[in-house]
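Enquirer: Have a look at this one before I ask anything.
Please treat every number below as a calculation from the coordinates, not as lab data. Keep in mind that this is a model prediction, so the values were computed, not measured. Every residue, glycine among them, receives a Cβ derived from its backbone with ideal geometry; neighbour counts consider all protein chains shown.
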Amino acid sequence: MGDIKGFLKEKRKTCSFRPVCERKNDFVEVFKLRDEADSRLQASRCMDCGTPFCHSACPLANIIPEWNDYVFGQQWDKAFDLLDQTNCLPEVTGRVCPALCEYSCVLGINDDAVTVRDNELAIVEYAFKHGLVKPKIPKKRTGKKVAVVGSGSAGLASAVELNRAGHNVVVFERDEKIGGLMRFGIPAFKLDKAILDRRLSIWKKEGIEFVTGKEIKTPADLKGYDAVCLTGGSRVPRDLRIPGRDLLGVHFALDYLTKEIDSKDKSVVVIGGGDTGADCVGTANRRGAKCVVQIELLSRPPEERTPDMPWPTYPLTLKNSTSHEEGCSRQWQILTKEFVGENGKVKKISCDKVHFPEGKLTEIPGTEFEVEADLVLLAVGFLHPEHDGLLANLGLEFDSRGNVKTGDDYQTSQKGIFSAGDMRRGQSLIVWALAEGKGAAESINRYLS
């Protein structure tokens, strides 16, 4: 390593954020990129730890210590070359990944972990700024055609790998633009969509064909392809079927994030304490909500690791996002019992407090209360991919959770048809979807060979 005592000299410094009073009035990205000098100093904190656990924690197996060392030595081109070997979308993961690697950083045992995610972002943004990101056009084509159905992170990762292997790849997307939930689910204040377009322009030059506004419904739509990779995601939302569910003003979170549902001057309640719920909080504030309340069924997580969450495991600790900082009342151990309305519109929700003796959900007698709500957003996760349509028409098998069933080689119950990402794995992270897409591409390449 360039400076084996860097972690003793420098304290952790992440990207800074725009002031709350400024950023909550627009959808511009909330963070500010670090300057190159700060990134170099932060990279110097990466220890000569011998056994870097960050490798195993990252689903993509990013070569983290090595590219940190290159950044410290101001060899940005070499740092990008290493990063580009494992991650085709570091500009996305550098913005929205929960940084699993940082929680397994050896330095994190008794100090603040290395800013791996911010360092990753610094590398790829330097690379774009200085013209290091160039199309990798295959020198030879195999003559084999592959259809990738779905253009989220898994689909794009699969398409990139297959195209670079020399196959002719067509990506089909039923929406009007490429990107899946990266484009339509993640708010622009976390991920500017120009970031996706910048990368897509590179991939188009590499030879990938993108077809939008085209829903693949039947096997006939896939005729002529030597292999197919299904990456349509997990898009069936978990519902909350309680009294009053059909009242106007009760929406699924993804519908709110993707459509112009009015929340100006409204009392907004977000049910669900995960990332999607936090995105709804930030969006509601930007759309002029009067107040925002976020409720969660589970207990409030601890702020630090507990004995049952030892290093280097990923700890289920309290996460405060930039959206929470912008204004939100968060409540835990709340069970929603009923949506109460007037004239067919939701006006409040009826709740009970709960606890978990011996791990069993139990309502606490006498704790009933109501929360005003002109708009309720259900952010309680997704169940499985959409079965009707293509999956049913292909006759694919599903696992016990309703996801597309595959072997270890990502191949479904139908020969030549593969699946990856949330469609196969279930709702998960972008970094996992990227890894799934790469894995499926490797299997498809072997199949075609």
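Enquirer: Of the listed pairs 177/205; 32/205; 139/204; 193/438, which have alpha-carbon separations greater than 19 Å here?
Expert: Listed pairs above 19 Å: 32/205; 193/438.
Enquirer: So between residue 240 and residue 372, what do we pick up on full extension, going 0.36 nm a residue minus the alpha carbon distance?
Expert: 45.7 nm
Enquirer: Also, I was wondering about something else. How would you order 100-106, 138-144 from highest to lowest mean count of nearby Cβ atoms within 10 Å?
Expert: Highest to lowest by the protection proxy: 100-106, 138-144.
Enquirer: Considering every Cα-Cα pair within region 70-168, what fraction, in whole percent, is farther apart than 24 Å?
Expert: Beyond 24 Å sits 36 percent of the P(r) for region 70-168.
Enquirer: Let me ask something else about it. Full-extension gain between residue 361 and residue 188, please, as 0.36 nm times their residue separation minus the C-alpha to C-alpha distance.
Expert: Here the segment from residue 361 to residue 188 would lengthen by 58.6 nm.
Enquirer: Which value, in Å³ per residue, describes the convex hull spanned by the Cα atoms of region 239-380?
Expert: Output value, Cα hull per residue: 122 Å³.
Enquirer: Next question. How long are the semi-axes of the equivalent ellipsoid of region 303-449, taking √(5λ) for every eigenvalue λ of the Cα gyration tensor, in whole Å from largest down?
Expert: They are 39, 23, 16 Å, listed largest first.
Enquirer: Continuing with the same structure: Based on Cβ point charges of +1 for Lys and Arg and -1 for Asp and Glu, what charge dipole magnitude is obtained for region 299-449 about its Cα centre, in debye rounded to the nearest 20?
Expert: Magnitude of the dipole: close to 340 debye.
Enquirer: While we're on this one: Just want the ordering: 447, 70, 314, 410, from fewest to most Cβ atoms lying within 10 Å of their own Cβ.
Expert: So the residues, fewest neighbours to most, are 314, 447, 70, 410.
Enquirer: Over the Cα atoms of region 1-49, each weighted equally, I'd like the Debye log10 I(q)/I(0) at q = 0.25, 0.29, 0.30 Å⁻¹, rounded to two decimals.
Expert: -0.86, -1.02, -1.06
Enquirer: Same structure again: How are the Cα pair distances of region 256-337 distributed, in percent, across 5 Å bins from 0?
Expert: Whole-percent P(r) values from 0 Å outward: 3, 14, 23, 20, 16, 11, 6, 4, 2.
Enquirer: Of 391, 163, 234, whose Cα points farthest to the positive end of the dipole of the chain (charges on the beta-carbon: +1 Lys, Arg; -1 Asp, Glu; origin at the Cα centre)?
Expert: Ranked along the dipole, the leading option is 163.
Enquirer: Please give the charge dipole size of region 16-71, origin at the Cα centre, charges +1 on K and R Cβ atoms and -1 on D and E Cβ atoms. Round to the nearest 20 debye.
Expert: Dipole magnitude for region 16-71 comes out near 260 debye.
Enquirer: Only four residue types carry charge here, +1 at the Cβ of Lys and Arg and -1 at the Cβ of Asp and Glu. Report the dipole size of the chain about the Cα centre in Debye, rounded to the nearest 20.
Expert: Charge dipole, the chain, about its Cα centre: 1060 debye, nearest 20.
Enquirer: Here is a follow-up. Could you list 295, 444, 349, 4 so that the one with the fewest beta carbons within 10 Å of its beta carbon is first and the one with the most is last?
Expert: Exposure proxy ranking, most exposed first: 4, 295, 349, 444.
Enquirer: What FRET efficiency do you get for residue 18 and residue 392 if R0 is 45 Å and r is their Cβ-Cβ distance, rounded to the nearest 0.05?
Expert: The formula returns an efficiency of 0.45 here.
Enquirer: Please work out how much length the chain gains when fully extended from residue 61 to residue 170, using 0.36 nm per residue of separation minus the C-alpha to C-alpha distance, in nm with one decimal.
Expert: Gain on stretching residue 61 to residue 170: 36.5 nm.
Enquirer: Now, a different point. Per DSSP helix of 4 or more residues, -39500 (n - 2.57); summed, then divided by the residues of the chain. What does that give at 222 nm, rounded to the nearest 500?
Expert: Calculated mean residue ellipticity at 222 nm is -8500 deg cm²/dmol.
Enquirer: For the chain, count all C-alpha to C-alpha pairs, find those more than 42 Å apart, and express that count as a whole percent of the total.
Expert: The answer is 18 percent, as a whole percent.
Enquirer: Here is a follow-up. Count charges around residue 8 for me, please; just the other residues with Cβ under 11 Å from its Cβ, Lys/Arg as +1, Asp/Glu as -1.
Expert: Combined, the nearby Lys, Arg, Asp and Glu give +1.
Enquirer: Another question, then. Describe numerically, in nm with one decimal, the distance between label points set 7 Å from Cα along Cα→Cβ at residue 130 and at residue 36.
Expert: For residue 130 paired with residue 36, the spin-label model returns 0.5 nm.
Enquirer: Next up: Let me check I've understood the local charge: for residue 196, count other residues with C-beta under 15 angstrom from its C-beta, Lys and Arg +1, Asp and Glu -1. What total comes out?
Expert: 0
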